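Asker: First, the structure itself, so that you have it in front of you.
The values are calculated or read from the model by the stated rules, or taken from the named source; none is laboratory data. Treat the numbers as computed from the prediction; the structure is a model and nothing was measured. Cβ: placed from backbone, ideal geometry, glycine included. Neighbour counts: every protein chain shown.
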Amino acid sequence: MGAEPKFRRILLKVSGEALMGAQSYGIDVETVDRIAADVHDAVAGGTQVCMVIGGGNIFRGLSGAAKGIDRATADYMGMLATVMNALAMQAALERSGVPSRVQSAIPMSTVCEPYIRRRAIRHMEKGRAVIFAAGTGNPFFTTDTAAALRAAEMNCQAMFKGTQVDGVYSADPKKVPNAERFDSLSYHEVLARDLQVMDASAVSLSRENKIPIVVFSIHNRGALAAVLRGEGRSTIIEERS
């Protein structure tokens, strides 16, 4: 057996764009399978996992609103896109040997369960991964905020944000080669410096509920399990004394 996991229960937030792989749109099955394999490793290592996946690879509410669809309708369309991503992730998790359930904030009983907090917790206690779909079920809230909300409701010990890079930088390292990388930050520093990790309401909700945010690269196979063991590269955002 390896090292004990640092966190007993986590919420993993994955952007919809992360599921595209090298494509410019949609779902890349190979990429989804790789993320599912990481979740398998985390569950096998003793960590209970729930997930929130964005929908930007299929439809983004804000850009839809910019094209003339009213914002609330565009956001509902984006929520439905997250359900499609959640079902794709569920299929990949089952292929990798992780039993899973999708719970949607917008009831659609023919394809998944409705969101029921106590049932979701029970699923995780039984070793199942739970994927929360359709955001909070309300327009004008991002999936980042939904992730912070669900992490609090599930009594998660941390929220893991899988991104394109291995932590939080002072600027986009792909555009600014000498951008500073941080090993740790406080919630206040993230908000005051306007570091685009998550939207402000998600960071504030995490701070209020004392849930650390761990930012790591979702594109490096094995990174999730490594960070859970306290070995991988990541940035942790938490309250500082």
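Asker: Taking the options LEU80, LEU87, LEU19, LEU11, name whichever one is outside any helix (DSSP H, G or I), under 29 Å from ILE121 (Cβ atoms) and of a type in the set (A, V, I, L, M).
Answerer: Numbers: LEU80 fails: outside any helix (DSSP H, G or I); LEU87 fails: outside any helix (DSSP H, G or I); LEU19 fails: outside any helix (DSSP H, G or I).
Testing whether each residue is outside any helix (DSSP H, G or I), under 29 Å from ILE121 (Cβ atoms) and of a type in the set (A, V, I, L, M) leaves just LEU11.
Asker: Checking the structure you have, find out if any residue of segment 75-89 is surrounded by fewer than 23 Cβ atoms within 10 Å (Cβ to Cβ), of a type in the set (A, V, I, L, M, F, W, C) and more than 18 Å from the chain's Cα centre (by Cα).
Answerer: Checking segment 75-89: at least one residue is surrounded by fewer than 23 Cβ atoms within 10 Å (Cβ to Cβ), of a type in the set (A, V, I, L, M, F, W, C) and more than 18 Å from the chain's Cα centre (by Cα).
Asker: Return a yes/no flag: does segment 5-28 have any residue that is more than 17 Å from the chain's Cα centre (by Cα), surrounded by 18 or more Cβ atoms within 10 Å (Cβ to Cβ) and of a type outside the set (Val, Ile, Thr).
Answerer: yes
Asker: I'd like to know if segment 72-91 contains one or more residues that are on the phi > 0 side of the Ramachandran plot, of a type outside the set (A, V, I, L, M, F, W, C) and either at pLDDT below 95 or touching a Gly at 6+ places or on another chain (Cβ under 7 Å) (or both).
Answerer: Going residue by residue through segment 72-91, those that are on the phi > 0 side of the Ramachandran plot are none.
No.
Asker: Identify, by number, the condition in (1) at pLDDT below 95; (2) of a type outside the set (Lys, Arg); (3) surrounded by 15 or more Cβ atoms within 10 Å (Cβ to Cβ); (4) under 29 Å from PHE59 (Cα atoms) that ALA226 doesn't meet.
Answerer: Here ALA226 clears every test but (4).
Asker: In this structure, does GLY68 turn out to be small (Gly, Ala, Ser) and buried (at least 17 other Cβ atoms within 10 Å of the Cβ)?
Answerer: Values: small (Gly, Ala, Ser): yes; buried (at least 17 other Cβ atoms within 10 Å of the Cβ): no.
When the stated conditions are applied, GLY68 does not pass them.
Asker: Do we have any residue at all in segment 48-65 that's of a type in the set (S, T, N, Q), in contact (Cβ under 8 Å) with a residue 12 or more places away in the chain and farther than 16 Å from ILE218 by Cβ? I'd like the intermediate steps shown before the answer.
Answerer: Pass one, segment 48-65, residues of a type in the set (S, T, N, Q): 48, 57, 63.
Checking which are in contact (Cβ under 8 Å) with a residue 12 or more places away in the chain leaves us with 48, 57.
With farther than 16 Å from ILE218 by Cβ added as a condition, the list becomes 48.
Scanning segment 48-65, I find at least one residue that is of a type in the set (S, T, N, Q), in contact (Cβ under 8 Å) with a residue 12 or more places away in the chain and farther than 16 Å from ILE218 by Cβ, so the answer is yes.
Asker: For GLY55, all conditions in the list (1) assigned to a loop (DSSP other than H, G, I, E, B); (2) farther than 20 Å from ILE35 by Cα hold save one; what is the number of the exception?
Answerer: Checking GLY55 against (1) assigned to a loop (DSSP other than H, G, I, E, B); (2) farther than 20 Å from ILE35 by Cα, the one that fails is (2).
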